[in-house]
Amino acid sequence: MEKEALSGIRVLEYAQLVAGPYCAKMFADLGAEVIKIEQPGVGDQARHLEPFLNEIPHPERSGLFLYLNTNKKGITLNLETVTGVNLFKELIEISDIFIETPPPRQLEELGLGYNVLKEVNPKLVMVSISPFGQTGPYKDYRTSDLVSFHMSGFGYLNPRGATDANRPPLKAGGRLADFFAALNAAGAALCALHARRLTGLGQHVDISRQECIIPMLRRPLTAYFYRDRQISSRLTRSWRIAPNDLMPCKDGYVFVSAVEEGQWQRFVELMGNPDWAKDPRFQNRISRTENWEVLEPLITAWLMKHTKEEISRTAQANRVPISPVNTAGDLFKSRHLNTRGFFVEIDHPEAGKLKYPGAPYRLSQTPWRLKRRAPLLGEYNEEVYCDLLGHSKRELVKMREAGVI
Amino acid sequence: MTKSALEGIRVIDFGHVWAGPYCTATLADMGAEVIRVESKRHIDIHRRQGPYLNDKPGFNRSAVWNAQNRGKFGCTLNLAKPDGVELAKRLVAISDVAVENFAPRVMKKLGLDYPALREVKEDIILVSLPGFGSTGPAKDYISYGQSLLAASGIAATTGYPDGPPMSLGESYPDLVAALSAAFAILAALHHRTETGQGQHIDISQLEASMCLLPEALMEFSMNDTPRPRMGNEDDIMAPHGCYRCKGDDKWVAIAVATDEEWQAFRHAIGNPDWAKGERFADGFGRWSNQHDLDRLVEDWTKERTPYEVMEVLQKAGVAAGPSFNIEELVNDPHIKKREVFVEVEHPEMGKQIIYSPTWRLSGTPGRIQRRAPLLGEHNHYVFGELLGISDKEIARLEQEEVIY
């Protein structure tokens, strides 16, 4: 069996929804053994969120769950029982990394905080992804992706180019704060594992969802500190140089950027050298920006005659940086992505054959691989509790009947 | 002295702008020795863009560049000269990792692609971070952050429910790629420790960003339908949104996830009559009537500041918090206690305030190891000490615009 990048590493996951599961998925997809703990009966909350196959709710047919939990061994375990806690400690003993994202204090209240777990396994790297970190006045505060996104300062900047002050600041599509926390947590965990070679010991990794977005705010931060406490918002237009915007076209939208002189000239050529382009108001980037209200509809008129694919393909061929605003459908049909084999298909006993987004990176020696589809609820109970931990099948039956697993 | 997690790891950063540099800055924060390779021939756009200290331009006075490149050593090397390429190879030969985010053909044209680098260091880990990937029909597309937000599907999922796609105030595909790269590098280092093998890590910023949109992608994959834009709304949670508060352009984000939280919420806001009864009693009712519910919630929030709302609701166990502007964020008591922003002394910036490392490890904590380098500041350290080149030879190379 070909060695994978993270072969030999065992990760234990006690998390739901996005942040913890995506972090663990990053390990699983590069060959680590990932054991995912779910609540008996109900399982990960993500199983009950859309999109569902054929729009029929079913815990084994949630697209979000299926994507986030590839390559993992799912088990059920009830940590509210003493036996459950003991089983958990058996798993901790043999794990390198433990990823947890329950609400703050929950594990501590169960007697399973880092101070306890490091006695069970001094080499354990425990990764806690929390809303605001393990310390500080908000450490016990609740959050959701929406609240993390807005409290990080990013919300206030969106949407770009807003004109209506009566509409609220906007969250990005998807669950961005959760994903950013996951990306940071995964790197930090692997970093801690690396440190273990030097120190022989594990450690506690503290990831705050709020903090993970903050480095993104590079321009607003520097504008605040270096431009006299300037406060950026969705309504700020001081950065604007035209054209540098989303604009409508025949079958949707494109992002038009033709700010540099050469780019603008080539864009004008692309549009067939229209007479209006000779207007003195459009002869340099400053005047184009100042007269954007007049210029915008002229460009739009041309865009509306062409599809986003046509516009971006011909523009890019002429070194004009125009990109399509791709929908999910566009992405699945993209010649570029399909040539690169970005989407991967996998079969699932309940969801059938589906295409999934594939690798975020390509490693030449130890490629990302979709070996195993997402687990059915409790699918690996026997393999983990019996084969790995040495319990008997009889015990498993009794533990199930007692609500431990 | 506490050890650093990545002590002993050396990274050569050929990157520019954000994707490569943010990746290596993350590693620098954790103790890796990162050498940023720049050139006077083509100065990084962030060095050429303000804000500058006191509005006075200068390559060493860019606030953005100095925040992003903290922790690194800096040298200059002209890769247009064959001698420059030779020196670059010698640097790779003494390094563990090399990072670049040029357009796909550039490293090959320079003679610094993976096969070439393997010849100087067989177990080198090379990381490439092109916008659209190294292969495929769109590989040579020019990709700015905003164009990647559009192309990766992010803009299509962002926007008010009744409106067109919208873009974001800051682009993040390069940051996603940078963080994915950092993880992949550490995975490759793990593999190298076990097997002695290096490898080439190739990351398309477009694809790395798509990995963050499974809801939209799986909706289409499963059902051939687009996922609608939802603004600040949620699939099922209600109240869930951004509500106006007292003050000028002040807003608070609130997300009530369960029926229990709803009970706590309505008690916390004083048990108004409208909140009693069946209409909003369960999640389905609340979601179905969310627009009415939002108006009623806003009647309450608009009498209060965002902090007041947060305090009342968090005490009741409900997720709520201000939509912070940058000033509020920087001065927030929690942010201050966590020391999210720290002061770093820089010869041309003076005291600069920079975000601290997001990776908090208890035993081998990250920290800003040193301030960002001046252009070419460490040429003598890099070429003299690390490569053993004499001062005289360095002077000659500077004159010939190789070290340039």
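The values are calculated or read from the model by the stated rules, or taken from the named source; none is laboratory data. Remember, predicted model here, so these are calculated numbers, not experimental data. Heads up, the Cβs are rebuilt from the backbone with ideal geometry, glycines too, and the neighbour counts pull from every protein chain shown.
Being more than 11 Å from chain A (Cβ to nearest Cβ), crowded, with 16+ Cβ neighbours inside 10 Å and in contact (Cβ under 8 Å) with a residue 60 or more places away in the chain is not true of residue B:304.
With respect to the conditions (1) more than 26 Å from the chain's Cα centre (by Cα); (2) among the hydrophobic types (A, V, I, L, M, F, W, C); (3) within 7 Å of chain A (Cβ to nearest Cβ), residue B:245 falls short on a single one, namely (3). There is at least one residue in segment B:92-108 that is β-branched (Val, Ile, Thr), under 16 Å from residue B:13 (Cα atoms) and at pLDDT below 95. Against the numbered list (1) without any contact (Cβ under 8 Å) to a residue 24 or more places away in the chain; (2) at the interface with chain B (Cβ under 7 Å from one of its Cβ atoms), residue A:284 comes up short only at (2).
Meeting the requirement of 1 or more residues that are out of contact with any helix residue (DSSP H, G or I) (no Cβ under 9 Å at 6 or more places or on another chain), the helices (runs of 4 or more DSSP H) wholly within segment A:85-183 are A:106-109, A:114-120.
Screening segment B:117-144 for residues that are more than 10 Å from chain A (Cβ to nearest Cβ) and surrounded by 20 or more Cβ atoms within 10 Å (Cβ to Cβ) and picking the one that is nearest to residue A:309 (Cα to Cα) gives B:130.
Residue-wise test of (1) part of a loop (DSSP other than H, G, I, E, B); (2) touching a Ser or Thr at 6+ places or on another chain (Cβ under 8 Å); (3) over 29 Å from residue A:316 (Cα atoms).
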residue: B:108; (1), (2), (3): no, no, no
residue: B:119; (1), (2), (3): no, no, yes
residue: B:126; (1), (2), (3): no, no, no
residue: B:132; (1), (2), (3): yes, yes, no
residue: B:141; (1), (2), (3): yes, yes, no
residue: B:150; (1), (2), (3): no, yes, no
residue: B:182; (1), (2), (3): no, yes, yes
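For segment A:124-135, the condition of being modelled with pLDDT of 95 or more, farther than 30 Å from residue B:189 by Cβ and facing chain B (nearest Cβ under 7 Å) holds for at least one residue.
Take the conditions (1) assigned to a loop (DSSP other than H, G, I, E, B); (2) closer than 20 Å to residue B:186 by Cα; (3) modelled with pLDDT under 95; (4) not polar (S, T, N, Q); residue B:6 misses just one of them, which is (3). Residue A:232 falls short on exactly one of the conditions (1) at pLDDT 95 or above; (2) under 29 Å from the mean Cα position of the chain (by Cα), and that condition is (1).
The set of residues in segment A:228-273 being among the aromatic types (Phe, Trp, Tyr) and in a loop (DSSP other than H, G, I, E, B) consists of A:239 alone.
Out of curiosity, is residue A:397 modelled with pLDDT of 95 or more, farther than 29 Å from residue B:190 by Cβ, more than 22 Å from the chain's Cα centre (by Cα) and surrounded by fewer than 20 Cβ atoms within 10 Å (Cβ to Cβ)?
Values: modelled with pLDDT of 95 or more: yes; farther than 29 Å from residue B:190 by Cβ: yes; more than 22 Å from the chain's Cα centre (by Cα): yes; surrounded by fewer than 20 Cβ atoms within 10 Å (Cβ to Cβ): yes.
Here the answer is yes, as residue A:397 does meet what is asked.
Considering only residues that are surrounded by fewer than 18 Cβ atoms within 10 Å (Cβ to Cβ) and more than 8 Å from chain B (Cβ to nearest Cβ), which ones fall in segment A:349-368? Of everything in segment A:349-368, those that are surrounded by fewer than 18 Cβ atoms within 10 Å (Cβ to Cβ) and more than 8 Å from chain B (Cβ to nearest Cβ) turn out to be A:349, A:350, A:352, A:353, A:367.
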